[in-house]
Structure formats: C-alpha cells, structure tokens
Amino acid sequence: MPTAEGCAGRRRRLWEALPALCDVLLVSDLRHLAYLAGYAPSPFTFRTASGGALLVMFPDRSILVGDNLLGPFLNEAHVDEVVAPTWYDGRSSPLARLNTLVQNVVEVLPKAPARRLGLEGASVPWSIVDRLRSRGGVDVIEVQPTLIEARRTKDADETAAIREVLRAADAGIAAALEFVRPGMSEIDAFRIVEGAASDSLGERIQLYGDFVSGPEMRQRLGPPTARVLEAGELFLMDFSVIHLGYRGDTANTIVVGGKPSETQRRWHDACLAAHEAVESLLKPGVSCRTLDNVMRKALQESGGDPNVDGHFGHGIGLDHPEAPFILAESRDSLREGDVVTLEPGQYGPPLGAMRIERNYRIGKGRPEVLSGHELRLA
C-alpha cells in the first residue's frame, strides 16, 4: 500500500513541479488523494456513499479534511493532520454533506487570503474559491495537469500496490483455467474469477472488465451476461482488480472445455509472438509507435492479422488507461518508472476475439514483469 514516505515524497515533488509558486494547494480527486495521501475509502460502506474529502497542502504541512463518517479512512491516511468534524450524529438531520465539507475546508485555511491558490479545478468545489475571494484577491493556478504528468513515474510503494492487485488477478485467471466449464454462464465464470481474486487479497474487492464469450463477443465487450458458455468456444477475460486506488490490467483467453482448434492455436501463437517480440524493447526512450509496429509485424509473421484496431498497450496505475499509449500514431515514449501493459489481440469471425495481457515496470535495464498468470488456452 502507499507509504507515509512515498506520499510525502510525491507531495514534495508536486510543489517542485508547479508551473508557478503557490501559497496553498487544494486537491480532492480521489485518485490524487490516494497518490498524495494514501487515502482510499472503501466503496462498500454507507459512510462513503456521498462523502468527499479534500487535501489542503501548505509548503510545510498537509491537512486532510472530511467528516466523522469518513474517520476510519481519514485516520489511515499519511498526512500531518486530519480534520473530521461531525456531519451526521444519528440523532438530528444534517446539513448538505458537500456544504459541510466546504465549510470545514474554509475554516482550516488562514484568515489572511492566499495570494496564489493551486487548485485541482475539475474536482474542488468552486464555492471554496468564492469564499476565499471574498477575503481578498486570489489568483488561481490549475494543478491537475502537473499531477497527471507526475503520476507516470511509479514509486516503489506504488509498484508494490500494483503487484498486489496483479497477484489477485493471477489467482482469478488460475481459477478460471481450473474451474470454468461448458454450461456455465458468463456470470458464473465471472464469479469464479472474482471469488479467487477476493480470496487472494483477503477482502472484498472492486473488479471490472470484459467477460465475454462466443463468435459475436467483440460486438458486446463488457460485463458478463447470462449467456451460456459452449464447449470449444473462446472465453475472454480482460479485467482490473482495484485496491487502495491502484489497479493492474490483466487478460487471458481460454477455450471452454479445454480442446483448442487449429485456428485458435494460431491466433494464440500470434499473440504470444507479439508479446515476445517487444518485451526486450521495453526500455526508457523507446517510442510507443515502434512497439506498435514491432507487435504488428510479429503478428503477421506468425500467421495473425496485423491490421487490428485499437491499442496494443497503455500505462496503468491510478487510472485506466493512462500514458504512455502504445498506438500506431502515439506521441509517447517509454520512461523509467512507467508501468505499462502489452495486450495484443485478434478479432473476427468465426472465433470472435482473443486477447492476452501482462504488465511491466520500465527500469534502466530489462523491464520487471509484474504479471504472473499463465498465458495459455487450456
């Protein structure tokens, strides 16, 4: 999970990377609260259903503001101070929760107006800015682009968090290979994956992605349905497990019933060849266009279709997808500290779709393979 040291380092680097000097920073996007403070409220409790928090940062200290219902999660965060006044006491009707948050934030800010306010404009309530402006002149600096850029380089604690969710995903793929059978529905198969991943982490998890089967699956990529799996067809699983805000991106395609056809094996061999062709190229400075081109060439040389649409990989972490993007016309190049996926696929009749995917952290030398699941059909 994110550590106190890691969060403090990310806050420090944010101050150093700002486009202009600021007196105070306000951040409230949940992704960035995880990034800067390790704040990750559970989505599985009524306490968080309408609750928001906001991080107030000064050059020398950080304050996380919320309310009493969020206390269990606020107190786990890595900040200098937590402010969580009572919003709901179970005895009387509360005020609007957002209004309470705004009031709590304004009260922790200095009475003298900040001359320059760094603001995550897409998520911070502008009523806070209005109140500050009523105290005197305030210049607002947008900090979200700086945050998004900073997030590309994953620290050690962030990489550890991604490894953890990928181990859970590995467990889900292993369970699918062992237990998915003809006659099950896609929802039944999804529950096998979700249960194994949840058991791996030892708690309830968030899990989303493609769980689809049959010859028309590319036209309906997305959540599982009641469609019944038939022997000999493909079942595609491309999913993310989320824990403490961080996620990986895992994919494997299996043959239901475990007897691959010649065409299924050819598709699979082509996808494996595309993976293998670029793994050694995953180094800082390599352009993502080059990676896309090499993967398409490998697909063609292995008997696959090189002209498939979409990306062959992307960055992953607190968002999905995020930079860098492995595309035919990408403007990105790999950087040390990137965590990226490779996900070659094949699509079309009569098989439907096939995709395999692993995750890597870019280092000075060979990349670290973060995924551990088997890339096999049966």
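How large is the Rg to Rh ratio of the stretch 28-139 when both quantities use alpha carbon positions and Rh follows Kirkwood?
Numbers: Rg = 13.9 Å, Rh = 14.6 Å.
The Rg/Rh ratio comes out at 0.95.
What the phi angles of the stretch 49-62 give under the Karplus curve with 6.51, -1.76 and 1.60, with θ = phi - 60°, is a coupling list of 4, 10, x, x, 10, 9, 9, 9, 10, 9, x, 10, 6, 10 Hz, glycine and proline written as x. The H on the amide N of Ser185, modeled in the peptide plane, is under 5 Å from the matching H of Leu229, each at least 5 residues off or on a different chain.
Put simply, when 133-140, 325-332 are sorted by average Cβ atoms within 10 angstrom per residue, most first, you get 325-332, 133-140. Shape class for the stretch 211-323: oblate, because the ratio a/c of the largest to smallest gyration tensor axis (alpha-carbon atoms, square roots of eigenvalues) is 1.5 or more and b/c is at least a/b. Highest average first, the peptides 257-264, 343-350, 360-367, 271-278 ordered by how many other beta carbon atoms sit within 10 Å of their residues are 271-278, 343-350, 360-367, 257-264. Distant-in-sequence amide contacts of Trp87, defined by a placed amide H-H separation under 5 Å and a gap of 5 or more residues or a different chain, comprise Asn68, Leu69.
Which peptide among 308-318, 175-185 comes first, and what is the full order, when sorted by highest mean count of other Cβ atoms within 10 Å? Mind dumping the intermediate values first?
Values: 308-318: 21.0, 175-185: 15.8.
Top of the packing list down: 308-318, 175-185.
When Cα extents along the principal axes in Å is calculated for this entry, the matching label among [x] 73, 51, 32; [y] 80, 50, 38; [z] 54, 47, 38 is [x].
For Tyr39, nonlocal amide neighbours, meaning residues 5 or more places apart or on other chains whose placed amide H falls under 5 Å from its own, are Ala34, His78.
Computed from the coordinates by the stated procedures, all read-outs in this text should not be read as laboratory data. Not measured: the values here are computed from a predicted model. Every residue, glycine among them, receives a Cβ derived from its backbone with ideal geometry; neighbour counts consider all protein chains shown.
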